[in-house]
1. Of all the accessible heavy-atom surface of the chain, with the other protein chains kept in place and a 1.4 Å probe, what percent is carbon and sulfur?
2. Given a Förster radius of 30 Å and the C-beta distance between LYS212 and ILE254 as r, what FRET efficiency does 1/(1 + (r/R0)^6) yield to the nearest 0.05?
3. What does the charge add up to near GLY114, with Lys and Arg as +1, Asp and Glu as -1, over the other residues with Cβ less than 11 Å from its Cβ?
4. On a full-extension model of 0.36 nm per residue, what is the gain between THR227 and SER63, subtracting their alpha-carbon distance, rounded to one decimal in nm?
5. In the chain, which helices (entire DSSP H runs) extend 20 Å or more along their own long axis, judged by Cα positions, while averaging at least -0.5 on the Kyte-Doolittle scale?
6. Just the number please: accessible area per residue for the chain, 1.4 Å probe, all protein chains included, in Å².
7. Treat each spin label as a single point 7 Å out from the Cα along the C-beta direction, and report the LEU76 to VAL153 distance in nm.
8. If packing is taken as the mean number of other Cβ atoms within 10 Å per residue, what is the order of 12-18, 46-52, highest first?
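The values are calculated or read from the model by the stated rules, or taken from the named source; none is laboratory data. For clarity, every value in this text was computed on a predicted model and none was experimentally measured. Using ideal geometry, Cβ is built from the backbone for each residue, glycine included, and neighbour counts are taken over all protein chains shown. Heavy atoms of the whole protein, side chains included, go into the accessibility calculation; ligands, DNA and RNA do not. Shrake-Rupley method; radii C 1.70, N 1.55, O 1.52, S 1.80 Å.
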Amino acid sequence: MDLIVIIGFLASILIGVSLGLIGGGGSILTVPILVYLFGITPVLATAYSLFVVGSTSLVGSVSYMKRGSVSYKTALVFAIPSFTAVFLTRKYLVHALPEVLFTFQGIEVTRDVGIMVFFAIIMVAAAFSMIKNGKKLQPESNGNDLDYPLIAVQGLMEGTVTGIVGAGGGFLIIPALVLLAKLPMKKAVGTSLLIIAAKSLLGFTGDLTTQKIDWHFLLIFTGLSVTGIFIGSMLSRKINDAALKKSFGWFVLIMGIYILFKEITGV
């Protein structure tokens, strides 16, 4: 087996570790791993990412559900518009994009490059959010006074982004759950995992008729990621959450800048 492939499978464990530690970030790792280490096209990689992150998050959410650390009411309000946006985006928008998006000064910008650049921009924005605001997320209540319209709009926007880049969106969901739904941090993480699982797996169904899925590879990759979420859950009890989120933010920022540089320069 090629060394790069081995590194790729080992890196898949980090996807689960990230989800187990901070309730998000797994999708930020998944697409670059699939594209740069396994050579999978960005469109197919975003589809695989939805399945991997959705399955891993579903397993991770079980322990939170057992502890009562999931707000099902909030999840429902956020998830319905998010589900709809993810499915419609994957089913109709992504696959309708032309191979060449536009030409700028004689340079063709392809669909694959466009998706990766957009993904990198989302990564950089998420990184700044984690670095700057990780310590500032303080809920005001236990989530009994939901701002339904704002939560629904946030779900719609986040679902659209998820559909385009194949990202589960934990880095967008958790701030919304804490600041808009006013959930405590641990409950926000558990609720986030459940939302990510449901909408990612639903979004993946939009690709079943448009993509050829290598189930053997996908199930192995997903299995390793699921292993990682158990590791992450154990580590989360020993690592300071604020310091972890800030460190992960810097890591994501570096990766996002690297992807932007690689896609724009072609190096």
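1. Roughly 70 percent, rounded to a whole number.
2. It comes out at approximately 0.35.
3. Charge balance in the 11 Å sphere: -3.
4. On the way: separation 164, 0.36 × 164 = 59.04 nm, distance 1.41 nm.
Length gained between THR227 and SER63: 57.6 nm.
5. Working: long enough: 3-22 (29 Å, 2.81); 42-66 (36 Å, 1.06); 72-88 (23 Å, 1.49); 111-133 (32 Å, 1.53); 148-165 (26 Å, 1.13); 185-205 (30 Å, 1.10); 215-236 (31 Å, 1.55); 241-265 (36 Å, 0.97).
Span-like helices in the chain: 3-22, 42-66, 72-88, 111-133, 148-165, 185-205, 215-236, 241-265.
6. Numbers: 12150 Å² over 267 residues.
The answer is 45 Å² per residue.
7. Going from the LEU76 label point to the VAL153 one covers 2.3 nm.
8. Listed from highest to lowest mean packing, they are 46-52, 12-18.
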